[in-house]
1. Report, to the nearest 10°, how far helix 77-99 tilts away from the longest principal axis of the Cα atoms in the chain, using its own Cα long axis and a range of 0 to 90°.
2. Would you tally the net charge around Ile376, using a Cβ to Cβ cut-off of less than 12 Å, leaving Ile376 out, and scoring K and R as +1, D and E as -1?
3. Given Cβ point charges of +1 (Lys, Arg) and -1 (Asp, Glu) and nothing else, what value in debye, to the nearest 20, does the dipole of the chain about its Cα centre take?
4. First select every other residue whose beta carbon is under 14 angstrom from the beta carbon of Lys102; then total the charges, Lys and Arg +1, Asp and Glu -1.
5. Need the C-alpha centroid separation for the stretch 1-27 versus the stretch 288-334, integer Å.
6. Could you please report the charge total around Tyr49, scoring K, R as +1 and D, E as -1 over all other residues with beta-carbon less than 14 angstrom from its beta-carbon?
7. Please list, or write none, the aspartates and glutamates whose alpha carbon is within less than 20 Å of the alpha carbon of Lys186, excluding same-chain residues fewer than 8 places away.
8. Kindly express, to the nearest 10 degrees and within the range 0 to 90, the angle between helix 356-368's C-alpha long axis and the longest C-alpha principal axis of the chain.
Amino acid sequence: MKILILSQYFWPENFSINQLAITLKNQGNEVVVATGMPNYPDGNIYDGYKAWGICKDFFHNDIEVVRVPTYPRSSGGAINLIINYIVFVACGVVMFPFLLRKHKFDSIVVFAGSPNAAIPAIFLKWAKKCHLAFWILDLWPDTLVATGLIKSKLIIGIVKTVVKWTYKQADTILVQSPAFVSPVTKLSNASKVIYYPNTADVSIRQLENEISISNDLKNILGSYFTVVFTGNIGTAQSMQTLIGAAQILETNKNIKFVIVGSGSMLEWVKEQQLILKLDNIFIAGRYPISAMDFIFKNSGCLLAILKSDEIFTYTIPGKIQAYLSSGMPIIASLNGEGARIVEASGSGLTCAAEDSAALANCVLKLWKTPESERGIMGLSGKKYYNEHFEINMQAKKLVEILESRKIEETY
């Protein structure tokens, strides 16, 4: 199958779509990627790229990647984010048809972290006359409201109208959580909606060993029972709950919270650490996904954390699949689908979102749990990952869905 993946975010940014592209290619499909200039999550254009250029490069040697200009979101809050989205849409609509003029596709798959990515894809669908599938990772505009990024009712109303229009143009809508089905079908035809979960970048993270890890981080991981959080440090992740749990556990000198990543709330976390004099928090900074294998396997447990807003009960955070695949025990400080998977897999402990005391109790309970029992939790999680989310299985499933949906269109 000839597949175009269209996403505002792609390698060298760390997203599961990177490994899915490799796997689809390895399974005999032709894969091309259309994206922007990398700037997530810090909002600064990566070295080697220019915000206002267009370029073609190759991912994993033979996957062609075409890139359009990007307005870096930087640290300008909602205004910069809106401009970032608008520029990607405008440049994508105008430039992708030209950059991809020599290609023919059977299907376009939109990795839709935000609905704006769907708009250039719709124009490409009309130009290329091919099947269009949206892979919905977040529910919009609800996520904007929950994170507080956008408060204007007018803008939220406009976003909802755009989302409804893009859903109407899609031939297939893939949703990353079973709980997404109901709210998405309220804005679309139910026959289009199919549950298709996220996966994890297992192969990429195993390409590099512990050499890239700082000595400070190695020492922390080797000397304490570490509760490791990785990924975006944003408003949705409820860093307040982590800080609260660290305060409660401050007197326990055997436990440390390790934060690996970056994002809009990182400076706030650093300030709180200084103000509250919390020496049981270690901020490691951002590491490539290739380093995660070492970090995960040398942790005491892995932490997934979200705010308590209803919208986040529908979501399965992408890190859940990555954590499960690592074979390490998990603490899920969140409500809804993410917690359900941790419980169903037997991979760790769960507690209510935004409950610092409950999170602290989970940490203490795992710390006191014999290492052999924690190992059983980790193996249970890995087994669950292999049965439900494994990358090769998911790539084949995606092609099967696209092919079956295209056949249905002919009747």
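Nothing in this text is a laboratory measurement; each read-out follows from the coordinates by a stated rule. Here the structure is a predicted model, which is why all the values come from computation and not from measurement. Note that we place each Cβ from the backbone using ideal geometry, even for glycine, and neighbour counts take in every protein chain shown.
1. Between the helix axis and the principal axis of the chain, the angle is about 40 degrees.
2. Numbers: positive: Arg374, Lys382, Lys383; negative: Glu371, Glu373.
Here the count lands on +1.
3. Numbers: 39 positive and 34 negative charges, 182 e Å.
Dipole size: approximately 880 debye.
4. Values: positive: Lys2, Lys56, Arg101, Lys104, Lys128; negative: Glu30, Glu64.
Charge balance near Lys102 sits at +3.
5. With the stretch 1-27 and the stretch 288-334 each reduced to a Cα centre, they are spaced 21 Å.
6. Working: positive: Lys50, Lys56, Arg67; negative: Glu13, Asp42, Asp47, Asp57.
Charge balance near Tyr49 sits at -1.
7. Counting by Cα, and skipping residues close in sequence, Lys186 has these aspartates and glutamates nearby: Asp138, Asp142, Asp171, Asp309, Glu310, Glu337.
8. That helix lies at roughly 70 degrees to the long axis.
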